[in-house]
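Participant: Quick one: the structure is below, questions incoming.
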Amino acid sequence: MEATFFQVLWYFLIFVLIAGYFVLDGFDLGAGVLYPILAKDESEKSIIRRSIGPVWDGNEVWLLTAGGALFAAFAPAYATTFSGFYLAVMLVLFGLIVRAVSLEFRAHDPAWARVWDICFFVGSLLPALLLGVAVGNIFAGIPMDAAGDYAGIPLLGLITPFTLLTGVLGLVMFLAAGASWIALKAPKPSALQERAAKLRTPLQLASLALFVVVTVFVFAVVKPEMVAGLGIVRILFAVLIVAALVAAVVFGAKKNCDLGSFIAQSTGAVSLVGLMATSMFPNLVVASAGSVGPAITLMSAAAGESTLLWMTVFTVVGLPFVLVYHVLIYRTFRGRVEA
């Protein structure tokens, strides 16, 4: 069975939404994890919170949209991943809810300030780590029964050396993005800005090293089947990841290139998602060795052509409004946060 135009279109559109989340909410999560490490007093804590305060909720919408698009376009893949990863998904949602509550309550409840700071850290750490673990499982493969349901041990069955590596890679990428964002938004000169700028370079180097390790692990141990026709595209994405992270390190080492470092880091994140999409194609959920059921592909899981057509129409109409919102909100709150 060959894939249709709309099936392929929505396969890659979902990854575009994931890439948008990886970049936009990535620096939010990274800033939250770095919050107790970089901020040394109440003023610096306030600067970090205010740097993401106007944008975090809009950034988070990309994840919700990706989940909704997966449900509408490829319902069997949605059912398998969200039911099989149920505990992990609930932990991610718990983290996102706790983060939102802590951000909203922190400025209005000084008596519980320490509690809200801890919630902000934990609510950022859980999604930053578990999302990478989930991606590693989807890429490497999970055990499935004949009905296409997850047949492994809940939560513990999702933890392998490879998925831990992908989880750490995702976490370090988020941390590098968070440090780059804080360095871009904190007052300059300030001790907070200098600490963030100093930390982003080793984090970017760690991202590059982990990407190399994960790549070697993929070809040495995981050995996924990849579509030969996308080989050149995969090579281009891999080269772009390395080039972007190297550029981020070079920009990060300079005092006046905060924006360049952040853009390069974001380019590396988008390229990483692109590499995953082209490496998995046409699979949405890979079946591990020994699985009774087959892998879930875009051809076997796709909704009807009329559904995908109307989804495309609504996307063409609605997406420009989302992009305009982001442009307006980032333009309104551009520049550095003043103490």
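Where a number appears in this text, it was derived from the coordinates with a stated rule and is not lab data. As the structure is a prediction and not an experimental result, all values here were calculated from the model. A quick note on method: Cβ atoms are made from the backbone with ideal geometry, for glycine too, and the neighbour counts reach across all protein chains shown.
Participant: In percent, what relative contact order does the chain have, based on Cα pairs under 8 Å that are 6 or more apart in sequence?
Facilitator: The normalised contact order for the chain reaches 26 percent.
Participant: Can you give the three extents of the C-alpha atoms in segment 34-143 along their principal axes, from longest to shortest, in whole Å?
Facilitator: Over segment 34-143, Cα extents along the principal axes are 47, 23, 20 Å.
Participant: Hey, another quick one. Using Cβ contacts closer than 10 Å as the measure, can you line up Arg50, Arg106 from fewest to most?
Facilitator: Lowest to highest Cβ neighbour count: Arg50, Arg106.
Participant: Another question, then. Run the reach check for Lys185 against lysines, Cα to Cα strictly under 20 Å, same-chain hits fewer than 8 apart removed. What comes back?
Facilitator: Those lysines meeting the cut-off are Lys40, Lys45, Lys198, Lys254, Lys255.
Participant: With θ set to phi - 60° and the Karplus curve 6.51 cos²θ - 1.76 cosθ + 1.60, what are the ³J(HN,Hα) couplings of segment 272-283 in order, to the nearest whole Hz, using x for Gly and Pro?
Facilitator: Once rounded to whole Hz, the list reads 5, 5, x, 5, 5, 4, 6, 6, 7, 3, x, 7.
Participant: Also, quick follow-up: What stretch of the chain, leaving out the sites themselves, is the longest with no GluC sites (Glu not before Pro) in a DSSP loop having at most 10 other Cβ atoms within 10 Å?
Facilitator: 3-224
Participant: Skipping prolines and chain starts, which residues have an amide H placed within reach, meaning under 5 Å, of the one on Met144, given they are 5 or more residues away or on another chain?
Facilitator: HN-HN under 5 Å from Met144: Ala151, Ser288, Ser291, Val292, Gly293.
Participant: What base-10 log of the normalised intensity I(q)/I(0) is obtained for segment 145-291 from the Debye formula, alpha carbons as equal point scatterers, at q = 0.11, 0.13 Å⁻¹?
Facilitator: Relative scattering, expressed as log10 I(q)/I(0), comes to -0.50, -0.66.
Participant: Just to confirm the filter: which trypsin sites (Lys or Arg not before Pro) across segment 224-321 are DSSP coil and have at most 14 other Cβ within 10 angstrom of their Cβ?
Facilitator: Sites meeting the loop and neighbour criteria: Lys254, Lys255.
Participant: Ok, one more. Taking N as the number of residues in the chain, what value does Rg over Cα atoms divided by 2.2 N^0.38 Å take?
Facilitator: 1.00
Participant: At 7 Å along the Cα-to-beta-carbon direction for both Ala146 and Thr312, put a label point, then send me their distance in nm to one decimal.
Facilitator: Here the answer is 3.7 nm between the modelled labels.
Participant: Sticking with this one: For His108 and Tyr330 in the same chain, what is the full-extension length gain: residue separation times 0.36 nm, less their Cα-Cα distance, in nm?
Facilitator: 77.5 nm
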